[in-house]
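The values are calculated or read from the model by the stated rules, or taken from the named source; none is laboratory data. This structure is a prediction, so every number in the text was calculated from the model and none was measured. For neighbour counting, all protein chains shown are included, and Cβ atoms are generated from backbone atoms with ideal geometry for every residue, glycine included. Side chains included, ligands, DNA and RNA excluded: accessible areas come from the protein's heavy atoms. Shrake-Rupley method; radii C 1.70, N 1.55, O 1.52, S 1.80 Å.
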Amino acid sequence: MKELEQLKTWIAESDNIVFFGGAGVSTESGIPDFRSVDGLYSQQYDYPPETIISHTFYRKNPKEFFRFYKNKMLFPDAKPNAAHLALAKLEQQGRLKAVITQNIDGLHQAAGSREVLELHGSVHRNYCTRCGRFFDLKDIMAMDGVPYCTCGGIIKPDVVLYEEGLDQRTIQKAVSYIARADVLIIGGTSLTVYPAAGLIDYYQGNKLVLINKSVTPMDSRANLVISGKIGDVFSQIMD
Ligand code: NAD
């Protein structure tokens, strides 16, 4: 396929690649995305997922929030797939500068990536809202229902809920990597969740690659569109 050859060439010629991804990067690891036909938004709950994972809902109904969060958003046994592993390898080879992700699953770090900017936080970090004590994912999984600290405070995942702002330092770093990138590879994201999707506006180069299973609103802005599963794509282009 000539698109794959083109991507391979751009990767081989660059030492300043930046990757920006979303939930589709982890579907091949068994974590459902939100907006695919078999994604979380197509399943039926008493409330729409956007409502449950909002700040208001978390405050008003923590019991239901944590029931959903623990059942549907935690995948402690998921393993990195070919896409995560390829990106870690490209960083080691000095070609890729950073992974910017909307995912909260920690799989890029599990694959060995070092410079990972988590725009929406991580399920692996949890803090007591009263005393600030840190808890990891295992701690949260081991607690029934709403997780409470020994001090009595609720433990909140370090995950950006709807209505909450993004960490400004992380956003600034992401903007800076994208603005200086030679090749920008965007994959596995519907590019509909803002402000994350707006990051693409900062790219100034002419090697914008989009790898996605379905069409996105930004396809017409890309220099190269590869339609397919991102793990398969990276398996085919990595030596
Ligand atoms: P999304 O669910 O809106 O879109 C996922 C996109 O990836 C879709 O366009 C889909 O066609 C595509 N896709 C699915 N599997 C793919 C594959 N194997 N290869 C290539 N493309 C594939 O996801 P989003 O744009 O990231 O936005 C959803 C929000 O949900 C994000 O903010 C993210 O934080 C959160 N989320 C995270 C996880 C996770 O951490 N793994 C999982 C679900 C949702």
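Take the conditions (1) surrounded by fewer than 21 Cβ atoms within 10 Å (Cβ to Cβ); (2) out of contact with any Gly (no Cβ under 7 Å at 6 or more places or on another chain); (3) of a type in the set (A, V, I, L, M); LEU199 misses just one of them, which is (1).
The residues of the stretch 190-239 that are among the small types (Gly, Ala, Ser) and over 24 Å from MET1 (Cα atoms), listed by number, are ALA196, ALA197, GLY198. Looking at PHE75, is it of a type in the set (Phe, Trp, Tyr) and open to solvent by less than 40 Å² (accessible area, probe 1.4 Å)? The answer is no for PHE75.
Looking only at residues in the stretch 185-212 that are over 21 Å from LEU107 (Cα atoms) and either within 7 Å of the ligand (Cβ to nearest atom) or charged (D, E, K, R) (or both), which one is modelled with the lowest pLDDT?
Ranking the candidates gives THR192 first.
Taking the condition at pLDDT 95 or above, open to solvent by less than 10 Å² (accessible area, probe 1.4 Å) and not aromatic (Phe, Trp, Tyr), does ALA179 pass? Here the answer is no, as ALA179 does not meet what is asked. Of the candidates ARG59, ARG67, the single residue that is more than 13 Å from the ligand (Cβ to nearest atom), touching a residue at least 12 places away in the same chain (Cβ under 8 Å) and more than 22 Å from TYR203 (Cβ to Cβ) is ARG67. Per the conditions (1) modelled with pLDDT under 95; (2) open to solvent by 40 Å² or more (accessible area, probe 1.4 Å); (3) within 13 Å of the ligand (Cβ to nearest atom); (4) of a type outside the set (A, V, I, L, M), the sole criterion not satisfied by ASP158 is (1).
Apart from one condition, ASP144 fits all of (1) more than 16 Å from the ligand (Cβ to nearest atom); (2) acidic (Asp, Glu); (3) open to solvent by less than 50 Å² (accessible area, probe 1.4 Å); the exception is (3).
Within the stretch 202-217, being open to solvent by less than 30 Å² (accessible area, probe 1.4 Å) and either more than 25 Å from THR9 (Cα to Cα) or touching an Asp or Glu at 6+ places or on another chain (Cβ under 7 Å) (or both) holds for one residue alone: LEU210. Every test in (1) more than 16 Å from the ligand (Cβ to nearest atom); (2) at positive phi is passed by GLN93 save one, and that test is (2).
Restricting the stretch 218-229 to residues that are within 11 Å of ILE185 (Cα to Cα) and hydrophobic (A, V, I, L, M, F, W, C) leaves a set whose member that is most open to solvent (accessible area, probe 1.4 Å) is VAL225.
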